[in-house]
């Protein structure tokens, strides 16, 4: 799936801490340009009719997921654009790397496509919010061929935040005075309307003609400024799962049918309503597949963190899920990714850890994905069932846990889950007064590098707590391999390019619009 692109600002632009996960709504028609691309050595085989079918699948998915609030208003440019280099030039890895695309060449690929489109079509690109590039050949994330292009999205969220603070002109000029990669980044995302007004594309997505429609859906969701929910390694590529099959922004695209976008991401997009817990009580929410509000619960922790709760059941776009239940996320608003050895953007609570038992035969890197198959909380009646993956392997799903006590002292309990009606009732105690005598408390201690876990027991009067502790320790020394170090720096460049867009005015930047 996608390579996230980070962004290292030129030295003259201050490094900033942004609230990456504040809600910014994408509602109504999303003006989308679809461009077909081929190379000197790899020709496009797909037809415009087949491509239109794929884009319609994406449109129907987004329209259904948003309850009709958002859809694609797309235009497929009928001419195939031929880039001046072979595919390996754009898709090959950085020197010393074994996978992924060279970040500078990846930016060049998108930059040249936009440039050639503008030259050949004569069209005004500022009439579009999103760009989808469909290229000839394969997707490295699927094919594992190092010279294929890794499907990704260059989103402009980070540039938007910079413009919000410093103004479009200041950022435009600063990027123009910087190195070549920044200049191409600017000219890919930052444009002028015919009247001279400043304009920022929301995202430029690239997918292979051989990709499944679910990958195009995943990347388009990035173009609406939603981040991946799996874990990244330090090289900017996937290191494993965090939320598993429970969202299209992790492993959900690989189920049949592809799984829906998770409730937290829908909240950021403005697609669902949530209830914020301020007092103890029982709160009722609807499963995502049911078009009735509210769909989520937020429990604030501090200025940077909160718990997000939503409910799912295997119907509609969620029909391939392993079972029903309530999902609990711990969100850090100021993180833009889950990176190994660093505080996560989203921590996913697994209500039934170390199961299903079938996971014991999985490779180490796949165990987390497998063990989250039975992650939901369920009510006191529990849930049991069987689930099969795409290869036909059977997993026994037993949802046996109904409550959780957090390290902050909050207590949450699923008092009722009506699967047929799509309704969940959750009891929340902010002071932990309702915590039973025996409770499992999930505790996260954040450090800097390698994670280890252990379990201990603590007794406080009549309360015995089993504490599951996640610990991280200091990082390993930096590599002496200069090329490796530089490749990581440039990969980080390729990532606010995955963060940037909206429409900006030339003289004064308006606040983030409620709708696109």
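The values are calculated or read from the model by the stated rules, or taken from the named source; none is laboratory data. Treat the numbers as computed from the prediction; the structure is a model and nothing was measured. Neighbour counts are summed over all protein chains in view; Cβ atoms, including those assigned to glycine, are modelled from backbone coordinates with ideal geometry.
Below are the figures for this structure:
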{"quantity": "Those residues of region 383-392 which are in a loop (DSSP other than H, G, I, E, B) and within 27 Å of the chain's Cα centre (by Cα), in sequence order", "calculated": "389, 390, 391"}
{"quantity": "Which listed residue is over 18 Å from residue 306 (Cα atoms) and modelled with pLDDT of 95 or more, from 401, 435", "calculated": "401"}
{"quantity": "Residue tally, condition part of a loop (DSSP other than H, G, I, E, B) and touching a helix residue (DSSP H, G or I) at 6+ places or on another chain (Cβ under 6 Å), over region 176-195", "calculated": "1"}
{"quantity": "Yes/no for residue 281 being more than 25 Å from residue 231 (Cα to Cα) and out of contact with any helix residue (DSSP H, G or I) (no Cβ under 9 Å at 6 or more places or on another chain)", "calculated": "yes"}
{"quantity": "Which listed residue, of 287, 247, is closer than 22 Å to residue 65 by Cβ and in the same structural domain as residue 315 (by TED's automatic domain parsing)", "calculated": "287"}
{"quantity": "Hits in region 41-61 (condition: in a helix (DSSP H, G or I) and either touching a helix residue (DSSP H, G or I) at 6+ places or on another chain (Cβ under 7 Å) or free of Cβ contacts under 8 Å to residues at least 60 places away in the same chain (or both))", "calculated": "48, 49, 50, 52, 53, 54, 56, 57, 58, 59, 60, 61"}
{"quantity": "Matching helices (runs of 4 or more DSSP H) fully within region 78-148 where at least 2 residues are under 23 Å from the mean Cα position of the chain (by Cα) and surrounded by 21 or more Cβ atoms within 10 Å (Cβ to Cβ)", "calculated": "103-121, 140-143"}
